[in-house]
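Below is one structure, written out as structure tokens, with a few remarks after it.
What follows draws every value from the coordinates through simple rules; no lab data is involved. This one's a predicted model, so the numbers in the text were calculated from it and none came from an experiment. Positions of Cβ are generated from backbone atoms using ideal geometry, with glycine treated the same way; all protein chains shown enter the neighbour counts.
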Amino acid sequence: MALRKIAVQGDDCLNKVCRPVKEFNGRLHMLLDDLKDTLVESNGVGLAAPQVGILRRVCVVMNEDDEIIELVNPTVVSTEGEQTGFEGCLSVPGKYGIVTRPNVVRVRAQDRNGCTFEVEDEGLTARCFCHEIEHLDGHLFVEKTDQLLTEEELEEYIRKQEEENQENEEN
């Protein structure tokens, strides 16, 4: 297992459509293990193979119980509801944007051995499923937001929102 270098916005590998995985072997297992290690080391919640320069339909997502879900050849099979919130990306460091995504997402994928399964989750994990699967099609979240904020601007925005919420509760 090894840490991989994360590609950043502007790197060609982030704009390409990934090829399906056809061979479920040691190389795939090593990629999945490396994605997990790199994700944990980077304090992220999701990482897709193209973000480390590998153009295969593979990603890992950390759910809200801190369990890592491995997704090989994933597709979204159903969505429900809507959520709007801040999103960031390890490939767009230091920038955040407001993105609307489904609130509940069901994904069909294969595991590291090729067995097909379905997983459904909501909230942040659902957001992450969509975000990572879009990476596999060559898209970044910045395509879905009107404005990018720096970390400082994000903190200021959140602080103002909290102040407004407190004022509304007091009135």
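Quick notes on this structure:
- Extension gain, residue 118 to residue 12: 0.36 nm times the residue separation minus the Cα-Cα distance gives 35.1 nm.
- For region 14-83, the relative contact order works out to 29 percent when only alpha carbon pairs closer than 8 Å and six or more residues apart are counted.
- Sorted peptide list for 31-39, 142-150, 123-131, 64-72, criterion being average Cβ within 10 angstrom, highest first: 123-131, 31-39, 64-72, 142-150
- Separation of alpha-carbon centers, region 51-116 and region 1-35, rounded to whole Å: 14 Å
- Note on residue 151 and residue 139: the extension gain reaches 2.1 nm, defined as 0.36 nm multiplied by sequence separation minus the Cα-Cα distance.
- Sequence of 132, 162 once ranked by neighbouring C-beta atoms within 10 Å, starting from the fewest: 162, 132
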